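None of the figures in this text is laboratory data; all of them are computed from the coordinates on show. Everything numeric in this text was worked out from a predicted model, so none of it was measured. Neighbour counts are summed over all protein chains in view; Cβ atoms, including those assigned to glycine, are modelled from backbone coordinates with ideal geometry.
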Amino acid sequence: MPAERRKSIVQVARKFNVRIIEDDAYAFLVEGGPCRFMHLAPERTFSIISLTKIVDPRFKIALLYTPPECYLKARSVIEFGAGEPSQLFERLTIEWIKNGLLDSLSYKKRQVANRRQQIVREILYGYDFVSQSSAFHIWLPLNAPNIDRIVTGIKNDEVDILGSRDCQVSNVPGPGGLRIAFGNVRSDEELIRGLKILVKHITYSQ
């Protein structure tokens, strides 16, 4: 979200005295990105940063910033509803923030994302897809009427993928397409194999 848009949201939030909830799980993928809401409006922002995206899906811990006057209440709600996080994960997180390892992990994740985006651009050359250079997914628009059959065929070849129907939030059909995610792909070779299967099914459907 551009910085000017963020500032406009802060102005509206202050005018009507409402809170801002910032889901910041993927902010680390944008190096030098726009200022976070917790910095623009610290008096009304709740900002959540999940470390599962930076470290590993099994590293179940997140960081929560709250307005100062809400800290104790937020902590009691979390302890009552979710329980205490793993003490090991908690201590590792604090140590990694202090020694800079968390920043290093974020940098390496961006490097992986950039490399895999390059692989995607090479294999899907000629396809007009939507993405961001350090993202772990793309959106591939498709006007094919048989898009559900394409998705089924790809899944039958043991490649997990989401079609536009899977991404709908209402009964009104949206633009046709495929959401291709590669954050949990184990290797570049596995990504290449999956993308080639994808291209095969799209080509056969035309």
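Starting from the Kirkwood Rh over alpha-carbon pairs, what translational D in µm² s⁻¹ does segment 3-99 have by Stokes-Einstein at 25 °C and 0.890 mPa s?
Taking Rh from Cα pairs, D becomes 165 µm²/s.
Return the Rg/Rh ratio of the chain with Cα-based radii and a Kirkwood Rh.
1.02
Could you give the nm distance between label points at V199 and D23, where each point is 7 Å from its Cα heading toward the beta carbon?
Computed distance between label sites V199 and D23 equals 3.3 nm.
Give the separation of the Cα centroids, segment 1-80 to segment 87-101, in Å.
If we compute the Cα centre of each part, the gap is 20 Å.
Can you figure out the FRET efficiency of N171 with V12, using R₀ = 35 Å and their beta-carbon distance, to the nearest 0.05?
Efficiency at R0 = 35 Å is approximately 0.70.
In sequence order, what are the phi-derived ³J(HN,Hα) couplings for segment 6-11 according to the Karplus relation 6.51 cos²θ - 1.76 cosθ + 1.60 with θ = phi - 60°, rounded to whole Hz, with x for glycine and proline?
4, 5, 5, 5, 4, 4
Under a point spin-label approximation (7 Å from Cα along Cα-to-Cβ), what is the Q111-A74 distance to one decimal in nm?
Reported label-point gap for Q111 and A74 is 3.3 nm.
Taking only the alpha carbons of segment 112-205, what extent do you get along each of the three principal axes, in Å, biggest first?
Principal extents (Cα only, largest first): 36, 25, 24 Å.
Taking θ = phi - 60°, what integer Hz values does the Karplus form 6.51 cos²θ - 1.76 cosθ + 1.60 yield along segment 163-170, in sequence order, with x for Gly and Pro?
x, 4, 4, 5, 9, 5, 10, 8
When we measure straight from the Cα of K53, which lysines land under 25 angstrom away, once same-chain ones fewer than 8 places off are left out?
K98, K108, K109, K155
Taking amide H atoms as placed 1.01 Å from N in the peptide plane, list the residues 5 or more away in sequence, or in a different chain, whose amide H sits under 5 Å from that of E22.
Counting only residues 5 or more places away or on other chains, the set is F46, S47, I48.
Just from its helices, what would the mean residue ellipticity at 222 nm be for the chain, if runs of 4 or more DSSP H residues each count -39500 (n - 2.57) and the sum is divided by every residue, rounded to the nearest 500 deg cm²/dmol?
Roughly -14000 deg cm²/dmol at 222 nm, from the helical runs in the chain.
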